[in-house]
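Take a look at the structure set out below.
Just so it is clear, none of the values below were taken in a lab; they were calculated from the coordinates. Computed from a predicted structure; not experimentally measured. Because the Cβ atoms are built from the backbone with ideal geometry, glycine has one as well, and the counts that use them run over all protein chains shown.
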Ligand code: PMP
């Protein structure tokens, strides 16, 4: 090893789901939305003046922040926007998780949390979910340097009710509690209203799932003004010009098109409920999902084998060869047609 290598910041990076280049693939592996974004997003793109790209973007993303403030009934100063919620959460880790005590999160959860903790050298401790993949709030009533969990959780899809969330926030006045609501729009109840009551709560959401805009990279956090100011101070100490002008405008239009948002999220919820019935008929079991995916396992056939067989048939789902979850498949809810193709393939695989 060369001498300089001793000083390199070495990390094991996050592994994103595959983005295959082939055509004709049914892609149910990264929780993307099967529908296009709102037609109002298309309209912005069609009329966008490319000369604007000559200029630096608005560092405050004012059009987008104003749209979000109106939608969630908070002040613009209570909103932080970033390039996807990954960017937002990463900034939140850097801003708020700054003590020698461990940050706490569930053992089965979004696999980026431990990566951010490692890259920023933040100590962390995982708390085991119970056998039904549920959080026990008592696990979070100990000394800690911060708390983060998704609600609904990923990759399980399990939604925890707000009483449980509030119990955790209330027990931790000396820590910031981040609730990652990437999947909240598929039937859960957001804890955004709790920010009025608790100054240690930060709620993070994304445009990648319910607003069909994963490629635009828009995420945001809502909290009290003081928290948002601290996050912006860190962000503006690293890179002021994060979100491009087209994303800012498209994001705002997507927020204003509530009708399209309600229709597409309801369609996904309906397909999810249909998928639950079909998967049960095929012999799968899963925790009840309130997200746009189902975390399923089969009593007789190994999840890794099903994953490979599906891939051969050009159907991509997500599989992790990790303790506790190595016999589960995370299946994103696609269109009804895509799901029917999946069920046909699963029937064939399970009959073999
Ligand atoms: N949080 C959770 C729980 C997720 O599953 C994802 C998607 N991988 C994200 C955050 C990040 O999504 P994005 O950066 O696209 O907003």
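So what is the 222 nm mean residue ellipticity for the chain from helices alone, if each DSSP H run of at least 4 adds -39500 (n - 2.57) and you divide by all residues, rounding to the nearest 500 deg cm²/dmol? Numbers along the way, then the final one.
Values: 10 runs with 122 residues, N = 352.
So the calculated ellipticity at 222 nm is -11000 deg cm²/dmol.
On a full-extension model of 0.36 nm per residue, what is the gain between residue 267 and residue 143, subtracting their alpha-carbon distance, rounded to one decimal in nm? It would help to have the intermediate numbers written out before the result.
On the way: separation 124, 0.36 × 124 = 44.64 nm, distance 4.27 nm.
Full extension of this stretch gives 40.4 nm more.
Any chance you could check the Cα centroid distance between the range 323-352 and the range 119-141 for me, in angstrom?
Measuring centre to centre over Cα atoms gives 29 Å.
In a GNM of the chain with a 10 Å cut-off on Cα contacts, which of 156, 332, 285 has the highest mean-square fluctuation?
Judging by the Gaussian network model, the answer is 285.
If the label point is 7 Å along Cα→Cβ of residue 98, which residues in the range 165-180 have backbone nitrogen under 18 Å from it?
Answer for this model: 174-178.
With the crude spin-label approximation of a point 7 Å out along Cα→Cβ, what separation in nm comes out for residue 312 versus residue 196?
Result for the modelled spin labels: 5.7 nm.
Would you calculate the volume per residue, in Å³, of the smallest convex hull containing every Cα atom of the range 218-260?
Working: hull volume 3.5 nm³, N = 43.
That works out to 81 Å³ per residue.
Taking only the alpha-carbon atoms of the range 1-142, what semi-axes of the equivalent ellipsoid follow from 5 times the gyration tensor eigenvalues under a square root, in whole Å, largest first? Could you put the intermediate results ahead of the total?
On the way: eigenvalues 219, 102, 97 Å².
Equivalent ellipsoid semi-axes, largest first: 33, 23, 22 Å.
Working out 0.36 nm times the residue gap between residue 12 and residue 111, then minus their Cα-Cα distance, what length gain in nm do you get to one decimal?
Working: separation 99, 0.36 × 99 = 35.64 nm, distance 1.16 nm.
Separation in residues times 0.36 nm, less the Cα-Cα distance, equals 34.5 nm.
Please state the shape class of the range 169-248: rounded when a/c is under 1.5, otherwise prolate if a/b exceeds b/c and oblate if not, all from the C-alpha gyration tensor. Kindly include the intermediate steps, with their values, before the conclusion.
Working: a/c = 2.81, a/b = 1.20, b/c = 2.34.
Because a/c hits 1.5 or more and a/b fails to exceed b/c, the range 169-248 counts as oblate.
Need one number: the % of Cα-Cα pairs in the range 56-257 sitting beyond the 22 Å mark. Please list the in-between numbers first.
Details: 8935 of 20301 pairs.
So the portion of pairs separated by more than 22 Å is 44 percent.
Anyone know which of 80, 112, 236 comes out most mobile in the 10 Å Cα GNM of the chain?
For the chain, modelled as a Gaussian network with Cα springs under 10 Å, the answer is 236.
On a full-extension model of 0.36 nm per residue, what is the gain between residue 52 and residue 170, subtracting their alpha-carbon distance, rounded to one decimal in nm? Walk me through the numbers on the way to the answer.
Numbers: separation 118, 0.36 × 118 = 42.48 nm, distance 4.60 nm.
Computed gain between residue 52 and residue 170 is 37.9 nm.
Under the √(5λ) rule applied to the eigenvalues of the Cα gyration tensor, what semi-axes describe the equivalent ellipsoid of the range 269-352? Give them in Å, descending. Could you put the intermediate results ahead of the total?
Working: eigenvalues 60, 46, 29 Å².
Semi-axis lengths for the range 269-352 are 17, 15, 12 Å.
Ratio to report: Rg/Rh of the chain, with Cα atoms as the point set and Rh obtained by the Kirkwood method; give two decimals.
0.97
Please work out the ratio of the alpha-carbon Rg of the range 177-333 to 2.2 N^0.38 Å and round it to two decimals.
Working: Rg = 18.9 Å, N = 157, 2.2 N^0.38 = 15.0 Å.
After normalising by residue count via 2.2 N^0.38 Å, the value is 1.26.
Roughly what % of DSSP beta bridges within the chain run antiparallel, to the nearest 5?
Values: 15 of 31 bridges.
In the chain, approximately 50 percent of DSSP beta bridges are antiparallel ones.
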